[in-house]
């Protein structure tokens with residue numbers, strides 16, 4: 001019989017890796033709450049048309065990467081490839097966006113049928129933070145500041161912030177025409193992907209990672225020459241706001257983002273420590289998307305962060321992550337002691353709700369149970385035999401220090417454990 005394995009690009013998170021996930025998500029929760037952002041949860045499935053209309057039919061995501069299928073009623077459904085379109089759909093459906101300001105964040109799995117590689121999977125996870133109803137660059141600055149604070153709180157260093165502006169619809173259309181004219185004269189020298197994108201989405205050619213294509217683009221027109229006055233003022237305000245906060249950045253006219261809904265300021269946090277997959281966090285403005293999906297026009301801005309990629313960076317930089325381990329392991333010897341232990345540990349968990357306590361299961365002699373206790377990572381072992389059960393006491397043994405084993409009554413045990421586990 002063939003052994004079942006996970007699908008290509010769909011990965012398990014093992015016990016050794018879970019603490020880093022918890023640390024990242026716990027830190028994000030704290031940082032976002034400090035800025036006044038409320039958490040929401042979104043469904044994995046949406047109507048396919050939602051993503052076609054928002055992301056753009058000429059994008060790689062819609063053309064090649066979405067997991068779409070027909071359900072039993074004949075409706076076309078898609079596993080979400082990103083969160084922004086779903087957030088806007090949710091806001092419109094529940095009346096959160098009309099003449100209102102909202103600060104929201106979410107996280108969860110996304111799905112794209114890409115070629116799996118380090119930090120890039122077919123099921124991947126994103127942190128996503130968005131703000132609606134704010135037209136000025138001050139909210140763009142706030143969102144970038146939140147990302148910078150998250151990186152600092154996680155202990156990450158060496159990330160570089162890059163900015164660009166895509167302008168409004170008119171500026172983007174004028175730039176698209178100029179770029180297309182430039183690229184058409186050099187079409188035969190473009191790589192196959194860029195030739196395919198040339199007429200459907202020429203701005204995506206700027207995203208090519210091939211050195212030959214990048215060399216060809218060296219003399220291409222830059223979008224900053226086409227910005228309208230409002231977009232230019234907004235972009236200058238964004239730069240000034242970041243400078244006021246001491247957040248360093250550099251301008252990169254080649255940042256276009258891969259989704260059609262972006263306008264005005266866009267940005268990426270990048271690193272040189274993850275090989276070719278250098279972008280860790282990216283986002284920008286999408287002021288037209290709410291109206292595009294049927295709502296009253298409303299300004300919007302946000303960013304998404306690849307969790308797997310950030311975890312890779314944490315590992316590369318040896319960020320300290322507390323390992324999950326039991327603090328206390330209770331060994332019970334004999335049937336009467338096992339019954340007494342099962343009852344007593346529930347009382348102990350009531351007294352110390354945060355205590356990580358493992359009760360031995362499956363019996364065994366004391367040396368075998370102590371071996372399990374040591375393997376669990378516990379600092380202390382509690383030993384309950386028939387004699388201790390009869391006397392109403394328990395033995396407390398240190399597994400990490402050379403200190404004498406002591407006896408303790410059950411009423412005294414919570415305070416004893418607290419003192420031993422938290423000596424300061």
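Every read-out reported here was derived from the displayed coordinates using simple, explicitly stated rules and does not represent laboratory data. Note that the structure is a prediction, hence the values are computed from the model and not measured. Don't worry about glycine lacking a Cβ; one is built from the backbone with ideal geometry, like all the others, and counts go over all protein chains shown.
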Kirkwood-based Rg/Rh on the Cα set of the chain evaluates to 1.10
Degrees, to the nearest 10: 169-184 long Cα axis against longest axis of the chain: 80
Distance from the range 182-216 to the range 102-125 (C-alpha centre basis), Å: 26
Could you tell me how far the Cα centroid of the range 12-34 sits from the Cα centroid of the range 250-326, in Å? 17
Say R0 is 25 Å: what FRET efficiency, to the nearest 0.05, do residue 72 and residue 93 get from their beta-carbon distance? 0.60
Give me 403, 398 ranked fewest to most by other Cβ atoms within 10 Å of their Cβ, as a rough exposure proxy. 403, 398
Over the residues of the range 328-421, compute the C-alpha Rg and express it relative to 2.2 N^0.38 Å. 0.97
Distance in nm between pseudo-label sites at residue 219 and residue 101 (7 Å out along the Cβ direction from Cα): 4.8
Which distance in nm do the two modelled labels at residue 387 and residue 160 give, with both placed 7 Å along the Cα-to-Cβ direction? 6.9
Does a label point 7 Å from the Cα of residue 371, set along Cα-to-beta-carbon, have any residues of the range 329-350 with amide nitrogen under 19 Å, and which are they? 329-334
Report Rg (one decimal) and Dmax (nearest whole number) for the range 215-269, counting Cα atoms only, units Å. 12.5, 36
Cut-off is 10 Å between beta-carbons; in what order do 394, 139 appear when sorted fewest neighbours first? 139, 394
Between helix 18-34 and the chain, what is the angle of the helix's C-alpha long axis to the longest principal axis, kept within 0 to 90° and rounded to the nearest 10? 60
When 144, 129 are arranged by how many other beta-carbons sit within 10 Å of their Cβ, fewest first, they go 144, 129
For the chain, what's the relative contact order in percent, using C-alpha pairs closer than 8 Å and at least 6 residues apart? 15
Residues of the range 323-343 with amide N under 20 Å of a point placed 7 Å along Cα→Cβ from residue 400: 323-331
Using the alpha-carbon centroid of each, what span in Å lies between the range 56-101 and the range 347-424? 52
Relative to the longest principal Cα axis of the chain, at what angle does helix 84-93 sit, 0 to 90 degrees, rounded to 10? 90
Please identify which residues in the range 98-132 have an amide N closer than 19 Å to a label point set 7 Å out from the Cα of residue 8, following the Cα→Cβ vector. 111-124
Inter-probe distance in nm under a simple model that places probes 7 Å from Cα toward Cβ, at residue 182 and residue 38: 4.4
